[in-house]
Structures are given as structure tokens and as C-alpha cells.
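This report refers to the structure that appears directly beneath it.
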Amino acid sequence: MTTKIDEISEQSGEVKHARNNGSTVTLETVRDDHEVQAFIKQANKSLGVLGFTEHGFRHVGLVANIARNVLIRLEYDAREQDLAAIAGYMHDIGNVVSRHGHASTGAMLAYPILTRLGMPPSEKAIILGAIGSHGDDHGQRGEPVNPVSAALILADKSDVHRSRVRNPDPSKFDDHDRVNYAATSSFLRVDAENRTITLELTIDTSIASVMQYFEIFMPRMQMSRRAANLLECSFRITMNDVAVL
Ligand SMILES: [Fe+2]
Ligand SMILES: [Fe+2]
């Protein structure tokens, strides 16, 4: 599949330059960066204080891998796959500033880091848009703006799992805790042939009902549907092997 990144890069020569001088920024480059590590660590701590689910190295590592896999399955350009992984790893660093507006602040924080690491402007442009468009706080849904952004949204919103709940006392679960705790497995299946992306969830319905799941996660599901559509796929959800969307 032809990508817009390649078109932009061919005009500027920037990707070619970055590849040729051996300084291409990869997921590993970003993952090993001390500033990125410090921001993810502190952001996760801050969200813990606020009662949010886990947003640390487990979450961002998983999102990086899933986002990359979405674009691999759909046969996007290899560099675009890399950018999805990088955006996935960095997407929640804005929480180190504040939960409110964390997508925008995350993009602003990512800019100087990616500049320091030597990423070409055309690639930074894709990543900043992806990070800035992934959030659903303030009751405002982010909207996918490019394939990397769409892959990031699908990956981020698919991370619903019991292991993310930090509250040790089920009697004190809030709605998000309850729905996450009820999810004993989640898998994002990309079927390139049939152009479908399916979130396959296993939910313990004695803890949270299907209805509760939808009440809590409707904005996320809408974002995922738009993201799938940008990738020319339809979005589906199964719960306990039953199609619910
Ligand atoms: Fe986020
Ligand atoms: Fe996230």
C-alpha cells in the first residue's frame, strides 16, 4: 500500500537521509531514552494518585506493539509501522503534565524529544498528530488523522484488562475499575482480507454486564470505529464469542 509518508519523504529526502546515516529513530531508541522513561514513570504514578487504571510501561509497550501490528497486517509501509510503534510508546506522556488535555500536551512534550533524537520533521509531523488525536478526556473524542493515528487509537482503546486495575478493594471499584476488572482477555484481530478489525473481549458478566461496558466505553468504541474506517476497515466487537457490534 502506498503511503503518504513516503510521498512526503521522497519530496524532502528526509527519511532517506535518516536511513542513510544510520540515525533512524526506532521504538528501541525511544524506549531507551531516559526522558521518555522518566515521563512515563511519573505520568503513571500521577494517574495512580488520581485513581486511574495502569498507564505505565505495560500499557504503552502493549499499545506500541498492537499499533505496529495493525499496520503490518494491513500491509502499510514498514516505516509507517515503526512510527505507529513510536507513537504508541509515547502517546500517554502528556499525563505527566495533567490528565486534562494530555493528548495535546503529550504531543508538545514529544516534539523536543524526537527533535533531540534526530527524527526528520515529516515523521515528527505524523507522530504529533497521532499523539494529539488519541485522547478522549474532557468529553471530547479524538479523531484519527492518518493511518498511524488510527492504529494508535485502535491499540489504545483495545487495552481493557483486569491487570490494569490498581484499586485493591473491589468494594471501592469505580465504573472503569469494574469494567476493566471484568475483562479477563482482550484481543484486537485484524482481518486484512475481509477488511474487518474486531475487538474480541472475554468479560466476566458477574462483575460487569455488557451494558455497563458499553456505557463506560462508548466514546472509545466510536473512536475505534472511525479509526477502522480510516484504514478502510469496519470495526466489530465480540464479547464472550458473541457479536455485539
Ligand atoms: Fe491517553
Ligand atoms: Fe493510553
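The values are calculated or read from the model by the stated rules, or taken from the named source; none is laboratory data. Since the model is a prediction, treat every value here as computed from it, not as a measurement. Every residue, glycine as well, gets a Cβ built from its backbone with ideal geometry; the counts of neighbours run over all protein chains shown.
The table for this structure:
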| quantity | calculated |
| --- | --- |
| Residue among Arg178, Arg166 that alone is touching a Gly at 6+ places or on another chain (Cβ under 9 Å), away from ligand 2 (no atom under 13 Å from the Cβ) and of a type in the set (Lys, Arg) | Arg166 |
| Any hit, region 174-192, residues being over 17 Å from the mean Cα position of the chain (by Cα), more than 21 Å from Asn95 (Cβ to Cβ) and basic (Lys, Arg) | yes |
| Some residue of region 130-153 being assigned to a helix (DSSP H, G or I), more than 26 Å from Ile197 (Cα to Cα) and touching a Ser or Thr at 6+ places or on another chain (Cβ under 8 Å) | no |
| Residue among Ala151, Ala130, Ala110 that is within 12 Å of ligand 1 (Cβ to nearest atom) and either modelled with pLDDT of 95 or more or surrounded by fewer than 16 Cβ atoms within 10 Å (Cβ to Cβ) (or both) | Ala130 |
| Enumerated helices (runs of 4 or more DSSP H) restricted to region 1-103, each holding at least 3 residues that are hydrophobic (A, V, I, L, M, F, W, C), within 22 Å of Ser163 (Cα to Cα) and modelled with pLDDT of 95 or more | 34-49, 57-73 |
| Among (1) touching a residue at least 60 places away in the same chain (Cβ under 8 Å); (2) within 16 Å of ligand 2 (Cβ to nearest atom) - the single one Gly118 does not satisfy | (2) |
| So Val190, is it under 21 Å from Leu71 (Cα atoms), touching a residue at least 60 places away in the same chain (Cβ under 8 Å), touching a Lys or Arg at 6+ places or on another chain (Cβ under 7 Å) and surrounded by 19 or more Cβ atoms within 10 Å (Cβ to Cβ) | yes |
| Top-ranked residue in region 193-232 [being without any contact (Cβ under 8 Å) to a residue 60 or more places away in the chain and among the small types (Gly, Ala, Ser); ranked as surrounded by the most Cβ atoms within 10 Å (Cβ to Cβ)] | Ala208 |
| Residue list for region 72-103, filter: of a type in the set (S, T, N, Q) and within 16 Å of Val25 (Cα to Cα) | Gln81 |
